[in-house]
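The values are calculated or read from the model by the stated rules, or taken from the named source; none is laboratory data. Remember, it's a predicted structure, so these values are computed and weren't measured experimentally. Here Cβ is always computed from backbone atoms with ideal geometry, including for glycine, and neighbour counts include all displayed protein chains. The protein model used for the area step is the full one, side chains on, heavy atoms only, and it has no ligands, DNA or RNA in it. Shrake-Rupley method; radii C 1.70, N 1.55, O 1.52, S 1.80 Å.
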Amino acid sequence: QVQLVESGGGLVQPGGSLRLSCAASGFTFSTYVMRWYRQAPGKQRELVARISSGGSTVYGDSVKGRFTISRDVAKNTVYLQMNSLKPEDTAVYYCYAGRLGRFYWGQGTQVTVSS
């Protein structure tokens, strides 16, 4: 059974940091492209960051220089380190795994940036 379980969300003040984790199981994690998306209320889901099976990374323009995606193959986990958080980063963050037409989503974790 495929599972993507996100954790690490919560409430943080502007300028603060959070690290999201996504624990994967039920598929060959090392061969999949992993992505983080987010969706704010009333907005479309947007790509935050992606990391290939080889470790290459791509970031959305709004998070470049502030967020870092990484993966630990030994732990079947992908991370999103978020620094210098802004109120506009408030959203539900989703983990995604994809390869050759197969894709899976996590259930999402809420991140709220507010003073």
- prompt: Between exposed trypsin sites (Lys or Arg not before Pro) in the chain, where DSSP calls loop and at most 11 other Cβ atoms lie within 10 Å, what's the longest gap?
  reply: 65-115
Accessible area (Å², per residue) of the chain, counting only protein heavy atoms and a probe of 1.4 Å: 53
task: Return the lysines within reach of Lys64: Cα separation strictly under 21 angstrom, same-chain partners fewer than 8 residues apart disregarded; answer none if there are no such residues.
output: Lys43, Lys86
- request: First measure r as the distance between the Cβ atoms of Ser70 and Thr112, then evaluate 1/(1 + (r/R0)^6) with R0 = 22 Å and state the FRET efficiency to the nearest 0.05.
  value: 0.45
statement: Rounded to a whole %, the carbon-and-sulfur portion of the accessible area of segment 1-111 at a 1.4 Å probe is 47
FRET efficiency, Ser62 to Arg99 (Cβ-Cβ, R0 30 Å, nearest 0.05): 0.70
